[in-house]
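A.B. asks: My structure is below; once you've seen it, I'll send some questions.
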Amino acid sequence: MPKLPVASSKQIIRVLQKDGFEYAPKRGKGSHSAFVKRDKDKTRLVIVPDRKEIPKGTLLAILDQAGLTKEEFIELLIR
């Protein structure tokens, strides 16, 4: 299993947008941005803090909210 890289909020936002998430301006507050993805039967909301370096635990929580695995995240990050 590949090691999870250190990522900034900008990198995470790019990955989420590649995966089909859209910016939800009325959801994020202050230094946080919100992104939403609507599937047939599910709506996913992901909140991303604006930081240069996102802590590993926060990144794992974001991936869980987005329904992404570590491998999928890394693949979208390099693309």
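Read-outs throughout are calculated quantities, based only on the coordinates presented, and are distinct from any laboratory measurement. Bear in mind the structure is a predicted one, so any value in this text is a computation, not a measurement. Cβ: placed from backbone, ideal geometry, glycine included. Neighbour counts: every protein chain shown.
A.B. asks: List the number of the failed condition for K56; all other conditions in (1) more than 10 Å from the chain's Cα centre (by Cα); (2) surrounded by 14 or more Cβ atoms within 10 Å (Cβ to Cβ); (3) among the basic types (K, R); (4) closer than 13 Å to F73 by Cβ hold.
C.D. replies: It is condition (2) that K56 fails.
A.B. asks: Which of the residues that make up segment 6-29 are touching a Phe, Trp or Tyr at 6+ places or on another chain (Cβ under 9 Å), loosely packed, with under 15 Cβ neighbours inside 10 Å and either touching a residue at least 60 places away in the same chain (Cβ under 8 Å) or more than 16 Å from E75 (Cα to Cα) (or both)?
C.D. replies: Passing the criteria: E22, Y23, R27.
A.B. asks: State yes or no: is V46 in contact with a Phe, Trp or Tyr (Cβ under 6 Å, 6 or more places away or on another chain), closer than 21 Å to I78 by Cβ and either hydrophobic (A, V, I, L, M, F, W, C) or not in a loop (DSSP other than H, G, I, E, B) (or both)? Please lay out each step first, then the result.
C.D. replies: Working: in contact with a Phe, Trp or Tyr (Cβ under 6 Å, 6 or more places away or on another chain): yes; closer than 21 Å to I78 by Cβ: yes; either hydrophobic (A, V, I, L, M, F, W, C) or not in a loop (DSSP other than H, G, I, E, B) (or both): yes.
Yes; evaluated as a whole, the condition is true for this residue.
A.B. asks: Additional query: Applying the selection to segment 36-50, what residues are under 13 Å from the mean Cα position of the chain (by Cα) and either farther than 16 Å from D19 by Cβ or free of Cβ contacts under 8 Å to residues at least 24 places away in the same chain (or both)?
C.D. replies: Quick first cut of segment 36-50, residues under 13 Å from the mean Cα position of the chain (by Cα) only: 36-37, 44-50.
Result: V36, R44, L45, I47, P49, D50.
A.B. asks: Same structure, new question: Which residue out of G67, G30, G57 is more than 19 Å from P5 (Cα to Cα) and of a type in the set (G, A, S)?
C.D. replies: None of the other options fit; the residue is G30.
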